[in-house]
Structure formats: structure tokens, C-alpha cells
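Below is one structure, written out as C-alpha cells, with a few remarks after it.
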């Protein structure tokens, strides 16, 4: 693993001690899979920056290890520090095939129940509030619907299903809804709520089955006033869990209570979700959160810079907002770099200095669509995980998802064949071959075929490309 510690803020020993503490907590197997190579950790004045090679690894580390990293940093530095996860595709080259396969195995065990199921290390905390949610044209409808779900009265719709690419604020919105609901009363009592990921719901269900505690599990969920479930696409191809969730959903909805969900893809584009679930999801309000527009990006930058105590001139903020058009994480990554620049330059950041320092970074992120967005949508459609796309698995389903991911990356981003290869853990020739195969299928009006738990499936390649392209735009 690459470790970069700024001598002005922390020496390498502090970083090493934090990582050693993390390894003790999560065990060597998980540590080697997620942190040994391809991750860079910096301890800075107000925060810990964790740079990762792609959004998939970033999402996993944020969900499972962010709090542990924060606790270790506070223990070892005697100072509370926020943990910021940023994307740096240049780190992709440090990740080997064996590490990618190990990540895929860990994700599969966690999301399918294979191996020993267990509850998460801690209940999911609520880091986000609706008051901190920056509202713009890209998310205004989702935010308004979220406010309605957080209120004491029943909205005209139920459930609320929010979807969109990685890093656009879906988790922030769901946790903000729960945070607001937690301070609400209904008929003189506090609202009963719960925020979980689909992975956590799956693990709790499997544990309840094995320990013969299904009544307790059902009682915990079916009496809630508000259930918020994140990453719904992880329910794909898990028939037993889907059946259980359907009954849970029906119990909550029939009682006039609320369900809020988030996913990387529209419910009809999540692979192997049973039709009864899909029909209930689309019967409510389905809203897509788009990547933030320029004004929203400017608002996010102002809020984040203030939180990081970074003073930036208006022209610098405008420059970043105009050029970094991806996710919130990419905006945070830009601010992280400017934090380092600010320390070196005595706190004075001018537009020419910022433009020169960030030229390479901005060129790499100068696209409204990222490969992370593409692989998240493709994985959700085929009922697999992004980890499978990065792995060396060659099943028909994984190969089809990987091929269309590479093809869409060439169509919708400025990434070269080698860059796509490094991002997905493949070589240049593999990407070229995948793109050529898709182009041949499209020119001949052919079908793309894959396997699902229900049996073989197929779809005209042109229709599939059109559907997935619509999702990532």
C-alpha cells in the first residue's frame, strides 16, 4: 500500500499506527483485501484522507470501516478527525488480480449469506442531516419527497424510491430523513424508525434463520413507522431475502407507515428482483438524483470548504464548480488537494495557482459520467456487484457485465483503453476486444445472453445499451 504522510501535519508513524489498529480490529484477511495495496492514507490537520482507486472500493470502505478509522485516528492523535474518502484512479495499478478476487469473495459472502453470517460491527449511525443537504435542480424533487416522508403526516405517495449514480447524495438523503423523523412524534409518541443497508438486512435475516429467532427479527422491522433501506440493488438474486423483505414491506405499508429506499439503478433495472417487489416499488414515487449541476456543486464546495476551514476565493470556487462535474467525492478530492496546497503556500490560493495545481486532476474528472457510475448501473442490472466486474471471474453473467461496462466507458467517457483497463483490473487488449465484440453485436442486431438464478436470459444488445445509457446520463 502507498502511504503518503505530509511532514507538515503528521509523520508516517502515525499513519502506520492507525493502519495497524485497523488491521487488529478487522483481521488480516479483510485488511489485506481492502487496504494492503491501492489505498493511500494521509493524516492532516482536520481530517484523515483515504484515497482509493475507484468508487466501489470507496463505498465499501465508507460503509464498513469509516467509523473505525476515525476512532483509531482520534485515539492515536488525541484529536477528533473526519474521515474523507476520495477517488484517485492512479492507484488502480497497485491492485493485483488476487486482491480483486478476494474483494469479490468478501462482498459475495456479505451479500449472499454464504459462509458465517453475522451482524455488522455496530448499528448504522446517522452521520447526515437534511439541513446539510445542498438542494439544486439535480436533486430538488428527491429532497422535497424526502421532507414529506420525514414529516409526521402521511404523504400522498408511499414508498419513496431514490436512485442514481455513486456519490450523488442518496445515503445522505435517507439518513437525513431518519434523522428528522427521529425528532417527530405521532399521537404523542416518538416515531419508530430504522436505517439499514440491504446487506445488513440480509445478514440479520440469515442470522435470525440460523438462530431460530425470526419472530424477533420480524417484530424489529414490521412495527416500524419508517424503514429506510439503502443499496436495494444488493437484494438482487437473493430469493429468500426478497420474499422476507416483501412481507416486511407489505406489513409496514398496509399499516399506513412509510418505506424509503435507495439504489444505484431504477427498480426495473435491478437484476433478478421479483416482480411483486418491483411492482410495489414503482407504485410509489421513483425519483432519480442526477450528478449535481454547477450551482449545486458551488454550494457543496462552499459548505465543505467551510467545514474543512479552507478559505478559497470566489473565482477559485467557481473554477472548480465549472470543471469538476462528477460526484460529491470528486469535489471533496479537489478540496483535499487544495488543503495541501494551502499549507505549502501559506494559506494563499489564487486562481492561476489552483488551476495549475489541479490541471491533471481536473482533466481526469472532466466528465459528467464516470466509469464508477457505469459499472454500478451495469452491476445492478445483471444482479452482481462491482467487485465481480473487477475480479477474474469469467461466468457468462460477469463477462457480459464487464464487456458492456467497458463499451459504455468508451462511449460516455474520455478514458482511453489503458485507463479503462487499469480501472477494471484488466489489460489494454481485453478492453479493446470487449468493445469490438459489443460493436459487432450492435451492428448485427444481435442479443446479449447471460445467466440468472431463474435461468438463461437475453436481450437485444441495442436495447440494453440504450437502457443502461439512459440510467447513467
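FYI, it's all coordinate maths here, none of it is from the lab. The model shown is predicted, which means the values in this text are computed figures rather than measured ones. Don't worry about glycine lacking a Cβ; one is built from the backbone with ideal geometry, like all the others, and counts go over all protein chains shown.
A few points about this structure:
- Peptides 50-59, 142-151, 19-28, 250-259 ordered by average Cβ neighbours within 10 Å, highest first: 50-59, 142-151, 250-259, 19-28
- Correct option for semi-axes √(5λ) of the Cα gyration tensor in Å [calculated from the coordinates] among (i) 33, 29, 23; (ii) 41, 25, 19; (iii) 36, 30, 23: (i)
- Each part reduced to its alpha carbon centroid, the stretch 400-445 and the stretch 286-333 end up 30 Å apart.
- For the stretch 371-472: relative contact order, % (alpha-carbon pairs under 8 angstrom, 6 or more apart): 26
- Percentage relative contact order, the chain, counting C-alpha pairs under 8 Å, at least six apart: 15
- Where only DSSP H runs of four or more residues are counted, the chain gives -17000 deg cm²/dmol as its mean residue ellipticity at 222 nm, each run worth -39500 (n - 2.57).
- Whether the stretch 130-288 is rounded, prolate or oblate, judged on the alpha carbon gyration tensor where a/c under 1.5 counts as rounded: oblate
- Centre-to-centre, using Cα atoms only, the stretch 207-248 and the stretch 85-111 are separated by 28 Å.
- Shape of the stretch 391-441 from the C-alpha gyration tensor: oblate (a/c of 1.5 or more and a/b not above b/c, with a ≥ b ≥ c the square roots of its eigenvalues).
- The stretch 294-365, relative contact order in percent, only Cα pairs under 8 angstrom and at least six apart counted: 35
- Residues listed by number, the stretch 246-280, amide nitrogen under 16 Å from residue 239 label point at 7 Å toward C-beta: 246, 272-277
- Virtual paramagnetic centre 7 Å along Cα→Cβ of residue 213, amide N under 20 Å, in the stretch 230-269: 241, 244-245, 248
- Tensor-based shape of the stretch 371-472 (alpha-carbon gyration tensor, a/c under 1.5 rounded, otherwise prolate or oblate): rounded
- With the highest mean first, a sort of the peptides 454-460, 60-66 on other beta-carbon atoms found within 10 angstrom per residue produces 60-66, 454-460.
- Annotation: peptides 72-81, 232-241, ranked by per-residue average of other Cβ atoms within 10 Å with the highest first, follow the order 232-241, 72-81.
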